[in-house]
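Enquirer: After the structure tokens below, expect a handful of questions from me.
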Number of protein chains: 2
Amino acid sequence: MTTSLHQKLEANATAVHQRLDSTMSLQLLAGEIDRPERLVDAMRHGLLNGGKRLRPFLVVQSAALFDVEAEQAMQTACALECLHSYSLVHDDLPAMDDDDLRRGKPTVHKAYDEATAILAGDALLTLSFDLLSDPACHPDPQIRAELTNRLARASGLGGMIGGQMLDLAAESGDPDEAEIRLLQRMKTGALIKFACVAGGVLGQADAEEMARLERYGETIGLAFQLADDLLDVTSDAETMGKAVGKDAGRGKGTLVGILGIPRVESLLAEAVEEADACLADFGDKAQVLRETARFIVDRKN
Amino acid sequence: MTTSLHQKLEANATAVHQRLDSTMSLQLLAGEIDRPERLVDAMRHGLLNGGKRLRPFLVVQSAALFDVEAEQAMQTACALECLHSYSLVHDDLPAMDDDDLRRGKPTVHKAYDEATAILAGDALLTLSFDLLSDPACHPDPQIRAELTNRLARASGLGGMIGGQMLDLAAESGDPDEAEIRLLQRMKTGALIKFACVAGGVLGQADAEEMARLERYGETIGLAFQLADDLLDVTSDAETMGKAVGKDAGRGKGTLVGILGIPRVESLLAEAVEEADACLADFGDKAQVLRETARFIVDRKN
């Protein structure tokens, strides 16, 4: 990762944190009756957790291809992060992955209680659509409605939530390569793709530009998951002296388990080339997105 | 209830059921990757449960004040029902109310499992915003974005979900009249009010008409909850020979418990008068909404 990309990611994470913090600190908005304090606290716990904010970064950077200012893209970026955060809060629940810690801090249901975590997740999901449909997101209602509809499709029964459902089934089964690819495209790929496409919607990209952003988003979405699976295996191998990672150990099939490390490494290298190809026609403006693809492939955590 | 209103409610419930059934049976929509069968089945279980569909009825009837055809209001009506259904699915979860049955059938987490119920609820909530933001809802994106934003506010941390949170706290506390009124305005009132206001948005009502719809919605929202609490006490008293109802027995304060049955009955009568007053300027077109207010106050189940 270049120093420059590192700095850009840091600056973006700070800006996203500040915007989310202020969103959760606002006085009541029109149509709201009251905001129960414990619910707000639990939402903040799930949202303001020091994440890398990669998805918001992709929104801002893909919007920048069309000269949309970061400030104009920030509400969409934050809406996406609210949605991503809700998915983690619900994913950590006892009935789902049953995780006690996230980023070294107690998960929401551990810090509060299970009912509060369910409601905090529901409220973060709802807030996401509040932010996208609000005039502060973009002055053109056509753009707000399109962002809303695309995010609903990417995150709903035919996208992220459907992927979670397939993931639950995969834990007790023995998924083959096609099944793993499908669940990963849905569970993690769809939101990353949305992040890239959202910049095009904000920038009123034409059909061809949108197609290239979609392909770029699909490519780095796959790479993100492959790198994650690889990291899981290699970091376990280093730190725990065993050859298979946590997910494989839990019987959860990954492409690394099926294809092997060398094949996955070459798929990652291909993904970087493919991402570059998608971005070629955007010229110098796409430099940050090119570096982001490399960062995703090379990341060490 | 007049025979005529009864027939209108039945016809609406049938139309809403058919539309929801077909929504859940569609081929993949643009942007969707796949719809896992078990998730779809669980969503259908929570959605197609023979409900009265009162909220959709209110959308259709308030839209009719402005000569909006039922067909044009139906997508908004169904979006609201998806949202209402998700709230019931999550409300029934073990960590929340822990109910095994709803309308005599196993709740979603009983018929499937807890993780599936959490995801089915999340997916119904997401589908609600998908339906509102889709061009099929209304050709004008300004109207779609406004409906989306109003529903998000009515159902989020400052509305329904916040009300659920207050309700959880009330179960272990001893809420006073003001606290009960606040939680009821949020938990059940906000969505009923949205139903009435949504018709005005679809019909492009002016500010004064919107204010009257809001007041009507608030009035029948309160009446709905009071009637519910009263029914709980009186039906228990009749069938089980005890003077206090299920909620009071569980330590859950209601206005009936605090104010007593005669006072609540007079509040209900006042609500009918207030509803009539809100509707006066709409003339004959508001006859069905007048009868609906009486139906809500007089309902026996």
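Just so you know, all these numbers are worked out from the coordinates, no wet-lab data involved. Fair warning: this is a prediction, and the values are worked out from it, not measured in the lab. Glycine also receives a Cβ, built like all others from the backbone with ideal geometry; neighbour counts cover every protein chain displayed.
Enquirer: Write out, first by first residue and then by second, each pair whose Cβ atoms fall under 6 Å of each other, whose residues are 6+ apart or on separate chains, and whose first residue, in the stretch B:34-53, is within 12 Å of chain A (Cβ to nearest Cβ) while the second is assigned to a loop (DSSP other than H, G, I, E, B).
Expert: The qualifying pairs are B:ARG35/A:LEU157; B:ARG35/A:GLY158; B:LEU39/A:LEU157; B:ALA42/B:TYR112; B:ARG44/B:MET24.
Enquirer: While we're here: Out of B:ALA154, B:ALA136, B:ALA115, B:ALA123, I need the residue that is over 20 Å from the mean Cα position of the chain (by Cα) and facing chain A (nearest Cβ under 8 Å). Which one? Even if it seems obvious, please write down each step before you answer.
Expert: On the way: B:ALA154 fails: over 20 Å from the mean Cα position of the chain (by Cα); B:ALA136 fails: facing chain A (nearest Cβ under 8 Å); B:ALA123 fails: over 20 Å from the mean Cα position of the chain (by Cα).
On inspection, the qualifying residue turns out to be B:ALA115.
Enquirer: With the checklist (1) closer than 19 Å to A:THR292 by Cα; (2) assigned to a helix (DSSP H, G or I) in hand, flag the one item A:ASP67 doesn't pass.
Expert: (2)
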